[in-house]
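The values are calculated or read from the model by the stated rules, or taken from the named source; none is laboratory data. Owing to the predicted nature of the structure, the values given are computational and were not obtained by experimental measurement. As a convention, Cβ positions derive from the backbone with ideal geometry for all residues, glycine included, and neighbour counts pool all protein chains shown.
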Amino acid sequence: MAAPVLLGAALGYLFGGRLHHLADLRLKALPLLLAAALLQAAQFAGVTLFGLSLIGPVFVLVGVWGLLNLRDPGCPVRPPLAVILAGGAMNGLAILVNGRMPFAGTSGETPKHEVMDAATRLPWLGDVIPVPGTHLLISVGDLLLVAGIGWLIAAGMRAPRTV
């Protein structure tokens, strides 16, 4: 997840932005993002909720945060938020209809992923795009998330506009 942040920061600097402008963003409900990050960290540590993955609550928390800010006409980063929400919705839909994120690999399943087969629903939303130079596969939703996060960082680095 460092790549979109670093790319966004590089683009932000390229277009005259500064990191300290990110602190000036007035985004609503930031504790929802903190809670989502803590749940995501717990999930990576193997924590479950009644045997279920924590990814559902993570999607809900980030989705609610994004929608709260997207509805705010004064939010300076509405377009990148829309891209982030679209990517999250695509990934969430793939997980919802399959139970886990399907991937086009041949190795075994993980708590977060399952190998695609004939029963996979919406396979084009799964991890099917190879990342050059790695053995990783990502989804269209992941691409939108990366683009949206990078764009949010770059846009947030721009000086606040005064009217």
field: Failed item, numbered, when Val97 is tested on (1) of a type in the set (Val, Ile, Thr); (2) closer than 20 Å to Pro4 by Cα; (3) in contact with a Lys or Arg (Cβ under 9 Å, 6 or more places away or on another chain)
entry: (2)
message: Among the residues in the range 144-153, are any in contact with a Leu (Cβ under 9 Å, 6 or more places away or on another chain), of a type outside the set (Gly, Ala, Ser), under 24 Å from Thr48 (Cα atoms) and part of a helix (DSSP H, G or I)?
response: no
field: Residue that is modelled with pLDDT under 95 and aliphatic (A, V, I, L, M), where the choices are Leu61, Leu32, Leu85, Leu25
entry: Leu25
- request: For Thr110, indicate whether it is at negative phi and at pLDDT below 95.
  value: yes
